[in-house]
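The values are calculated or read from the model by the stated rules, or taken from the named source; none is laboratory data. As the structure is a computational prediction, the values presented were derived from the model and not from experiment. For neighbour counting, all protein chains shown are included, and Cβ atoms are generated from backbone atoms with ideal geometry for every residue, glycine included. When the accessible area is computed, the model is the full protein with side chains, heavy atoms only, and any ligands, DNA or RNA have been set aside. Shrake-Rupley method; radii C 1.70, N 1.55, O 1.52, S 1.80 Å.
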Amino acid sequence: MARPPGPLLLLLFPLRFLLHLSAAAGRPCGPAGLPRDTVLGLLGANITLTCQDEQPANATVLWQVEKQGAAGQLAEGNTLLLRQLRYEDSGHYSCSVGSHLLRSLRLLVAEPPETPQVSCYRRSHDKDVLCEWPQQKKPSPGTRAMLWVRRRFVAENATEQRCRYFSKARKFLCRLKVPPGTDDTKSLVVSTCVSNSAGGSAGKDKIITLSSVLRPDPPVNVTVQALERAPQRLQVNWSYPPSWDPRFYWLRFQVRYRPEPAPTFMEVDQVMTTWLDIRDAWRGTRHVVQVRAKDEFGHGTWSEWSQEAVGTPWTDPWELTSEMEPYSSQVPTEDDTYGVTLSPRLFEEDDANGAGGSVMESSTHPVASPYAFLVTGGSLLLASLLPCRYRQMWWTSGQETSKAEGEGQHMLVPLSLPPPTLSDTPLLSQPAPSAPGGLHTTQADYSSSGQ
């Protein structure tokens with residue numbers, strides 16, 4: 001009968017498991033080994049190359065270099081000093097006396113790599129995971145970047161991925177293949193290492209899930225259109241990014257906009273459509289609009305903002321014409337009130353009848369106060385009563401020959417007008433003297449005829 005494991009063996013199993021995990025996580029990340037007869041020089045530093053331990057007596061040592069397929073002769077002496085090394089100084093150096101080769105070595109100029117600060121993202125649910133980190137400087141030739149991924153709390157070998165450097169973007173990029181059916185909620189541990197001949201640097205382990213690294217691409221085809229007869233509305237439209245298939249999962253959007261004079265944006269959240277009707281736009285002002293996207297369930301992070309799109313609300317063409325013409329919509333009148341001034345186009349000069357009358361200038365002749373309506377009505381009444389007035393005068397003059405003096409006379413006695421109640425200014429100003437033989441009417445005639 002087998003004996004059960006003792007207490008010591010029971011303690012060894014957890015210890016072995018932890019050692020396996022630590023070995024998987026703490027992968028070696030040291031400098032690459034240098035071949036024999038290779039000398040490492042740090043970028044920007046000085047270095048002295050020595051031909052032999054003791055300088056040959058009565059002999060001249062000559063240095064030569066071969067780099068990038070070209071050979072050249074350098075200084076003489078047992079030592080060679082190179083200042084402020086550059087990558088171009090890497091090559092094969094040799095020293096000789098006459099035709100006798102004394103030593104040949106390879107100089108490698110490099111600098112230790114930067115510590116990676118990795119970030120991972122996934123552009124949609126059916127895409128691979130991309131991990132990247134930026135570089136402040138161009139890495140030295142021969143720099144190698146590696147990435148390992150393994151499941152957390154699972155004793156298994158990590159998956160190794162080689163990373164590539166993109167000089168234009170100045171960053172390393174690694175692609176992680178995601179097997180179909182992988183659980184999006186399981187935690188993964190991502191480890192990185194960058195190394196070259198000058199040294200190695202390991203990044204801090206990063207724990208991710210497939211759902212937490214979702215980051216869609218920004219929306220595309222963003223347009224801003226004005227709506228007819230809506231001076232405070234703008235219609236914004238956009239499209240899903242090509243990398244996201246809306247047949248399986250949707251995106252929710254966030255829209256931000258601002259009038260160009262304003263420094264800050266206004267934001268609208270929880271937009272599930274690919275359009276938005278802005279109802280509080282500034283009249284006649286150009287607006288800047290941007291859109292970004294996120295998984296419909298809130299997984300992951302927001303995308304970058306889209307490219308800026310601009311648009312201006314609809315403006316009434318009549319308002320544009322009025323703004324271009326120099327007239328005021330309100331002017332003070334004689335009684336300190338305000339009257340409405342019509343557009344100058346309503347006062348255009350018309351000399352078709354040959355009268356050549358002057359045109360009222362809106363900027364110098366304000367419209368009369370409401371008393372103008374009384375003056376107009378009085379003028380019309382005067383025009384209707386004048387025929388009766390002069391018919392009475394003609395009938396009276398015809399009867400003077402048959403009646404006694406003083407009988408049947410209708411004497412026109414000027415009557416005093418009551419004081420005006422609305423204004424101290426008379427409703428009708430005194431007319432200028434008429435030509436001889438013409439009709440002459442006064443305020444007294446108007447009053448007596450009204451009697």
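Overview of results
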item: Filtered residues of segment 111-157 (kept if among the aliphatic types (A, V, I, L, M), under 28 Å from residue 292 (Cα atoms) and in a loop (DSSP other than H, G, I, E, B)); result: 118
item: Residue list for segment 61-114, restricted to those being aliphatic (A, V, I, L, M) and over 16 Å from residue 50 (Cα atoms); result: 70, 71, 85, 109, 110
item: Neighbours by Cβ (under 6 Å, 6+ apart or cross-chain): first from segment 233-244, β-branched (Val, Ile, Thr); second crowded, with 16+ Cβ neighbours inside 10 Å; result: 236/224; 236/276; 236/289
item: Looking only at segment 51-107, and only at residues there that are at pLDDT below 85 and closer than 19 Å to residue 142 by Cβ, the one that is surrounded by the most Cβ atoms within 10 Å (Cβ to Cβ); result: 67
item: Residue match in segment 313-333 (condition: modelled with pLDDT of 95 or more and assigned to a strand (DSSP E or B)); result: no
item: Filter result (closer than 15 Å to residue 238 by Cβ, open to solvent by 70 Å² or more (accessible area, probe 1.4 Å) and assigned to a loop (DSSP other than H, G, I, E, B)) within segment 260-288; result: 272
item: Residue 199, sole failed condition from (1) at pLDDT below 95; (2) closer than 30 Å to residue 314 by Cβ; result: (2)
item: Residue within segment 236-255 that is closer than 16 Å to residue 130 by Cβ, outside any strand (DSSP E or B), open to solvent by less than 50 Å² (accessible area, probe 1.4 Å) and of a type in the set (Ser, Thr, Tyr) present; result: yes
item: Residue among 164, 233, 229 that alone is under 24 Å from residue 292 (Cβ atoms) and of a type in the set (D, E, K, R); result: 233
item: Number of positions in segment 132-153 that are surrounded by fewer than 12 Cβ atoms within 10 Å (Cβ to Cβ) and not basic (Lys, Arg); result: 2
item: Every residue from segment 183-226 that is free of Cβ contacts under 8 Å to residues at least 60 places away in the same chain and under 26 Å from the mean Cα position of the chain (by Cα); result: 221
item: Residue 40, sole failed condition from (1) outside any strand (DSSP E or B); (2) within 55 Å of the chain's Cα centre (by Cα); (3) of a type outside the set (Lys, Arg); result: (1)
item: Residue satisfying all of: in segment 108-131; of a type in the set (Val, Ile, Thr) and more than 20 Å from residue 47 (Cβ to Cβ); most open to solvent (accessible area, probe 1.4 Å) among these; result: 115
item: Complete set of residues in segment 291-301 that are farther than 18 Å from residue 184 by Cα and open to solvent by 20 Å² or more (accessible area, probe 1.4 Å); result: 292
item: Exclusive hit being assigned to a strand (DSSP E or B) and either small (Gly, Ala, Ser) or closer than 30 Å to residue 207 by Cβ (or both), set 71, 45; result: 71
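The rows are residues; the columns are (1) charged (D, E, K, R); (2) closer than 23 Å to residue 293 by Cα.
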residue	(1), (2)
175	yes, yes
179	no, no
183	yes, no
186	yes, no
191	no, no
195	no, no
208	no, yes
212	no, yes
216	no, yes
